[in-house]
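Colleague: So that we are looking at the same thing, I have put the structure below in structure tokens.
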Amino acid sequence: MANTHNGPQGDLPIEILQALSQNSPILSSEAFPSYKSTEVKGALDRLGSRSMVTYDTIEREEPLLEPEAVGIAANGSHEARVFEALHKAMDGLTVSELEAAVGDKNVVKVGQGKAFKSKWIAKGKEGRLVASTDSIQDTTREQLEIIQKTSTHPDPKVITDLKKRKLIKMQKLISFKIQKGPKFALEIAKEETDLTADMIASGAWKSASFKPYNFNALGADQNAGALHPLNKVRQEFRQIFFEMGFEEMPTNKFVETGFWNFDALFVPQQHPARDLQDTFYISDPKIGDKPHAEDENDKADYDSYLKNVQEVHQNGKYGSIGYRYPWGEEEALRLVLRTHTTSVSTAMLHKLASQKGPDGRPPPARYFSIDRVFRNETLDMTHLAEFHQVEGVIADYGLSLGGLMEFMEIFFKKMGLEGLRFKPAYNPYTEPSMEIFSYHKGLNKLVEIGNSGMFRPEMLEALGLPKDMRVFGWGLSLERPTMIKYKVNNIRELLGHKVDLSFIERNPAVRLEKT
Ligand code: PHE
């Protein structure tokens, strides 16, 4: 079995055909003993797909001598070697003389005991060992020689016994019983894989032999794309918003003017959040356009809106005394990477203000968005300079803070978070403002899950919304629930150049425990 062949492998199919032309069936182990069974199978499959041969696979087990047994077959068993050495010596040998004569201490150690048991040797004078018979039969060696020659032994008990003594092991052998197939021939005709225009024109198709389709072949791995975990969690959030009647806002603008990101939200121009440390300002171009309509359907009045914002900051309006500082338009037009998606919510509310419902007033609305925002933060395990904000706003008549709290209970319950706690907080654009906490069972403590509040009249009335229309909103990050769900501790493993692509390919679908 272990011998190798030197013939070119490409000839094997032809060799098989030639062998079959003389004799069918043939046994591969007899006809081609030097080929590996995988090589034979390859050749047979090639011939089989053309129906030139058929074959059956035969599996059998054969005993194989372990290295120690190969030694015994060549030199005799340990006990026989001990006996031979003593038999040759006239007056027997001491143990150390015996060791020297045999040339292997271990053989002497093992062989001595067995030779005593078989009464081949005995103790002589002065502690010397002597042979106690003239001839012995070395059965073990004979058995191993038979197995070595014939790959089997007529007595199955011998096989079992030698296996137990770890002198042989069983080896699986695969061979093939090969027969001529219906299209047997001595030559392998070239098979066409395509019917070409040339073949039709020349008529060559009539005599051509076509390769049959192999419907069992596995397709090549297509390496299809995989959704990022953030996208999967985002999809779950979108579903929750949709089932609660929300409309998705267009968030395809990463760069905004400070006007939409700050001023419209009643954030004063000297507010610390506008500082370079918190906000990324664009250096080229530095300045953006004044607020304006972006499509024909937008009938909102942008000029008076700009004026309203200036007045409410500078002098106060709508019953508010304002901030009383000189408001500057250039500051409002500086371009920033948006720090929240509330800029988008504000633009949407401005459009809402110009819409008329059945009663001639702006209709109630529910908007949401999930998209990227940017903050100039110190980077660490849980913070990058960008993240995805999940934001919702609800505009309706007669909304109350209690309504906001109840709505939060319902919304977060849909992702398995219950028993919320609210903590007073501050946003320039909401009053009251509340941080939302939920009890985290794993961490055994309350964790912050979002920020929320009732938008201020300074913001809403400047937009042109009716006095009695209330709007509340809330925001949270998409990264936090994703990291918890996918057990990612370092945000750099989720986003950025250190992300392991196989993590993206292997990660399972997400399931928020909706209750
Ligand atoms: N803009 C807030 C934030 O970035 C979220 C928020 C949205 C708060 C709407 C109140 C109302 O955290």
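The values are calculated or read from the model by the stated rules, or taken from the named source; none is laboratory data. Just so it is clear, the structure is predicted and the values come from calculations on it, not from any experiment. Because the Cβ atoms are built from the backbone with ideal geometry, glycine has one as well, and the counts that use them run over all protein chains shown. What goes into the accessible areas is simple: the full protein's heavy atoms, side chains included, and nothing from ligands, DNA or RNA. Shrake-Rupley method; radii C 1.70, N 1.55, O 1.52, S 1.80 Å.
Colleague: Return the carbon/sulfur percentage of the accessible area of region 51-117, one whole number, probe 1.4 Å, all protein chains in place.
Modeller: 51
Colleague: With every protein chain present, what is the per residue accessible area of region 231-506 (1.4 Å probe, Å²)?
Modeller: For region 231-506, the solvent-accessible area averages 49 Å² per residue.
Colleague: Relative contact order for region 231-506 using alpha-carbon pairs under 8 Å, separation at least 6, rounded to a whole percent?
Modeller: Numbers: 474 pairs, mean separation 54.5, N = 276.
This gives 20 percent for region 231-506.
Colleague: What distance in nm separates the simple spin-label points at Glu187 and Tyr281, each placed 7 Å from Cα in the Cβ direction?
Modeller: In this crude spin-label approximation the distance works out to 8.5 nm.
Colleague: Cβ neighbours within 10 Å, averaged per peptide: list 40-49, 98-107 in order, most packed at the top.
Modeller: Working: 40-49: 17.7, 98-107: 16.2.
Final packing ranking: 40-49, 98-107.
Colleague: Peptides 413-420, 254-261: what's the order by average Cβ count within 10 Å, highest mean first? Spell out each step's value before the answer.
Modeller: Working: 413-420: 15.9, 254-261: 21.6.
Listed from highest to lowest mean packing, they are 254-261, 413-420.
Colleague: Here is a follow-up. Evaluate the relative contact order of region 1-155 (contact order divided by residue number), counting alpha-carbon pairs under 8 angstrom at least 6 apart; express in whole percent.
Modeller: 21
Colleague: Hey, got a sec? Which trypsin sites (Lys or Arg not before Pro) in region 350-387 land in a DSSP loop and have at most 13 other Cβ atoms within 10 Å?
Modeller: Values: sites: Lys351, Lys356, Arg366, Arg372, Arg375; in loops: Lys356, Arg375.
Those satisfying the criteria are Lys356.
Colleague: Now for a different question. Taking a 1.4 Å probe, which of Glu66, Glu448 shows the most accessible area, and what order do the others take after it?
Modeller: Descending accessible area places them as Glu448, Glu66.
Colleague: Now for a separate question. Please report, in debye to the nearest 20, how large the charge dipole of the chain is about its Cα centre when each Lys and Arg carries +1 at its beta carbon and each Asp and Glu carries -1 there.
Modeller: In debye, rounded to 20, the chain gives about 2040.
Colleague: Please compute, over every Cα-Cα pair in the chain, the percentage with a separation greater than 33 angstrom.
Modeller: More than 33 Å apart: 66 percent of the Cα pairs in the chain.
Colleague: Follow-up. If you consider only alpha-carbon coordinates, what radius of gyration and Dmax does region 135-252 have, in Å?
Modeller: 34.0, 102
Colleague: When the accessible area of region 391-481 is computed with all protein chains present and a 1.4 Å probe, what percentage of it is carbon and sulfur?
Modeller: 53
Colleague: Continuing with this model, one more query. Given R₀ = 30 Å, FRET efficiency for Ala217-Ser502 by Cβ-Cβ distance, to 0.05? Can you show the working numbers first?
Modeller: Values: r = 26 Å, r/R0 = 0.88.
Plugging the Cβ-Cβ distance into 1/(1 + (r/R0)^6) gives 0.70.
Colleague: Semi-axes, largest first, in whole Å: what does sqrt of 5 times each Cα gyration tensor eigenvalue give for region 2-143?
Modeller: Working: eigenvalues 601, 36, 25 Å².
Semi-axes (√(5λ), whole Å): 55, 13, 11.
Colleague: With a probe of 1.4 Å, find how much accessible area region 78-137 has per residue, and write the answer as a whole number in Å². Spell out each step's value before the answer.
Modeller: Details: 3780 Å² over 60 residues.
Computed with neighbouring chains in place, this is 63 Å² per residue.
Colleague: What is the distance, in nm, between label points placed 7 Å from the Cα along the Cα-to-Cβ direction at Asp301 and at Lys180?
Modeller: Placing both labels 7 Å beyond Cα along the Cβ direction yields 10.1 nm.
Colleague: Kindly provide the helix-only [θ] at 222 nm of the chain, computed as the sum of -39,500 (n - 2.57) over DSSP H runs of four or more divided by all residues, to the nearest 500 deg cm²/dmol?
Modeller: -10000 deg cm²/dmol
Colleague: Which log10 I(q)/I(0) values, to two decimals, does region 231-506 give at q = 0.07 Å⁻¹ under the Debye formula with one point per Cα?
Modeller: The Cα Debye sum returns log10 ratios of -0.26.
Colleague: Then there's this: Would you mind checking the pairs Lys253/Lys485; Lys119/Lys164; Lys286/Lys414; Lys299/Lys423; Lys307/Lys414 and listing those with alpha carbons more than 31 angstrom apart?
Modeller: Lys286/Lys414; Lys299/Lys423; Lys307/Lys414
Colleague: Count neighbours as other Cβ atoms within 10 Å of each site's Cβ, and list the GluC sites (Glu not before Pro) in region 135-201 that are DSSP loop with at most 11 such neighbours. Don't jump to the answer; show the numbers that get you there.
Modeller: Values: sites: Glu142, Glu145, Glu187, Glu191, Glu192; in loops: Glu187.
Passing sites in region 135-201 are Glu187.
Colleague: Hey, which lysines would be in cross-link range of Lys211, C-alpha to C-alpha under 17 Å, not counting anything within fewer than 8 residues on its own chain?
Modeller: Correct list for Lys211: Lys183, Lys190.
Colleague: So how much slack lies between Ser24 and Ile146, counting 0.36 nm per residue of separation and subtracting their Cα-Cα distance, in nm? Spell out each step's value before the answer.
Modeller: Numbers: separation 122, 0.36 × 122 = 43.92 nm, distance 3.04 nm.
40.9 nm is the gain from fully extending Ser24 to Ile146.
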